[in-house]
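Trainee: This is the structure, below, for whatever I ask next.
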Amino acid sequence: MKLAKRAYVPLSRLRERVRREGALFSAACTDCPRLSNFLAQVRISHPDYFAQPVPPFGVDAPRLLIVGLAPGMHGANRTGRPFTGDFAGILLYDTLHRYGFASRPASEHAADGLELIDCRITNAVKCLPPENKPDTNEIKICNKYLSEELKVLDKYTAVLALGLIAHKAVLMALGLKQGNYAFGHAAEHRLPNGLSLFDSYHCSRYNTQTKRLTHAMFHAVFERIRDKIDSKNTGEPRTNTDEHG
Ligand code: SF4
């Protein structure tokens, strides 16, 4: 039987389609009952908090995609922007600015006008988990959104996984064997689809205060990412403040 020839769909059209169809992110998603119920409780206990699935933040076609774990209670879950409002975002946004990926060194709130440049930030799990711990099934269920985000990246895009869970979620989303790509701080993996996966310890308060992750260690990872991106791309920087809903 002759297979039908697959129609070529430009990435820009594919991106538009996944956004339109809500494949990239859904603000109304309640597919994880435990997380959904938890958010309902948080909306009652903290009526001024965002307390919904937190959308990715940044440009549509990034040259750097950063993948975190999940919204923090008083950070992204409060403000509605990844890594904004709690300790983890302080080092991250300062570093993004230092290496030319953000217009300012701090992310204060979702309407502060901050622009990311060539960069987009997302989480492996889009909803706040109790005690910052999503369970394995929730990571799997939410992986469909990360999979769509990765699918529409240009070849040579750098993906930075912040922590082991984000690293595993990226591999899961791409259908790659975990055993072939060991997590390690400052590790770099060339993936079969042309993406480069970089790893870093998560920039959490715990990791930075215990010096498991120092500023110098984090900067060194971004320095390599910057070099990699600059060696592969000659086009104009991509910017916007698009926050998907
Ligand atoms: S964690 Fe992801 S899949 Fe689960 S309810 Fe939230 S958005 Fe939906």
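Trainee: At 222 nm, what helix-only mean residue ellipticity would the chain give, in deg cm²/dmol to the nearest 500, using -39500 (n - 2.57) for each DSSP H run of four or more? Walk me through the intermediate numbers first.
Mentor: Values: 8 runs with 87 residues, N = 245.
Mean residue ellipticity at 222 nm (helix-derived): -10500 deg cm²/dmol.
Trainee: Projecting each Cα onto the charge dipole of the stretch 53-234 (Lys/Arg +1, Asp/Glu -1 at the beta carbon, about the Cα centre), which of I165, V152, H109 comes out farthest on the positive side?
Mentor: The one lying farthest along the dipole's positive direction is I165.
Trainee: How big is the convex hull of the Cα atoms of the stretch 98-234, per residue, in Å³?
Mentor: 133
Trainee: Another question, if that's okay. Whole-Hz Karplus ³J(HN,Hα) for the stretch 203-212, in order, using 6.51 cos²θ - 1.76 cosθ + 1.60 and θ = phi - 60°, x for Gly and Pro?
Mentor: 7, 6, 4, 4, 5, 7, 6, 8, 6, 4
Trainee: Given 0.36 nm per residue, what is the gain on full extension from H74 to H215 after removing their alpha carbon distance, in nm?
Mentor: Extra length from H74 to H215 when fully extended: 48.5 nm.
Trainee: Amide H neighbours of V159 under 5 Å, counting only residues 5+ apart in sequence or on other chains, H built in-plane at 1.01 Å?
Mentor: Under 5 Å from the amide H of V159 lie the amide H atoms of L65, S196, L197, F198, each far enough along the sequence or on another chain.
Trainee: Further question on the same structure: Kirkwood Rh over alpha-carbon pairs of the chain, then Stokes-Einstein at 37 °C and 0.692 mPa s: what D in µm² s⁻¹, rounded to an integer?
Mentor: Once the numbers are plugged in, D ends up at 180 µm²/s.
Trainee: Under a point-charge model restricted to the Cβ atoms of Lys and Arg (+1) and Asp and Glu (-1), what is the dipole moment magnitude of the stretch 93-245 relative to its Cα centre, in debye to the nearest 20?
Mentor: In debye, rounded to 20, the stretch 93-245 gives about 580.
Trainee: How high is the FRET efficiency from E131 to A111, r the C-beta distance, R0 30 Å, rounded to 0.05?
Mentor: Taking R0 as 30 Å, the efficiency between E131 and A111 is 0.55.
Trainee: Taking trypsin sites (Lys or Arg not before Pro) as candidate sites, keep only those in a DSSP loop with at most 12 other Cβ atoms within 10 Å, then name the longest stretch of the chain containing none of them. Numbers along the way, then the final one.
Mentor: Values: sites that count: K2, K5, R6, K155, K177, K211.
Answer from the scan: 7-154.
Trainee: Identify, among C119, S200, L91, the residue whose Cα sits farthest towards the positive end of the charge dipole of the stretch 53-234, taking +1 on the Cβ of Lys and Arg and -1 on the Cβ of Asp and Glu, with the dipole about the Cα centre.
Mentor: Of the options given, the answer is S200.
Trainee: If you don't mind, there's one more thing I want to ask. Pop the C-beta distance of D230 and R190 into the FRET formula with R0 = 22 Å and round what comes out to the nearest 0.05.
Mentor: 0.80
Trainee: While we're here: Find how much the distance from A182 to Y206 grows on full extension, using 0.36 nm per residue of separation minus their present alpha carbon separation; answer in nm with one decimal. Walk me through the numbers before you get to the answer.
Mentor: Numbers: separation 24, 0.36 × 24 = 8.64 nm, distance 2.25 nm.
Residue separation times 0.36 nm, minus the Cα-Cα distance, leaves 6.4 nm.
Trainee: Further question: Can you list the lysines whose alpha carbon sits under 17 Å from that of K168, skipping same-chain ones fewer than 8 residues off?
Mentor: Those lysines meeting the cut-off are K126, K133, K140, K144, K151, K177.
Trainee: Per residue, what volume in Å³ does the Cα convex hull of the stretch 167-210 take up?
Mentor: Measuring per residue, one finds 76 Å³ for the Cα hull of the stretch 167-210.
Trainee: Between A27 and K151, what length comes free when the chain is fully extended (0.36 nm per residue of separation minus the Cα-Cα distance, one decimal in nm)?
Mentor: Extending this stretch completely gives an extra 42.6 nm.
Throughout, read-outs are computed from the coordinates displayed, never taken from laboratory work. All values derive from a computational prediction rather than experimental measurement. No Cβ is skipped: glycine too gets one built from the backbone with ideal geometry, and neighbour counts run over all protein chains shown.
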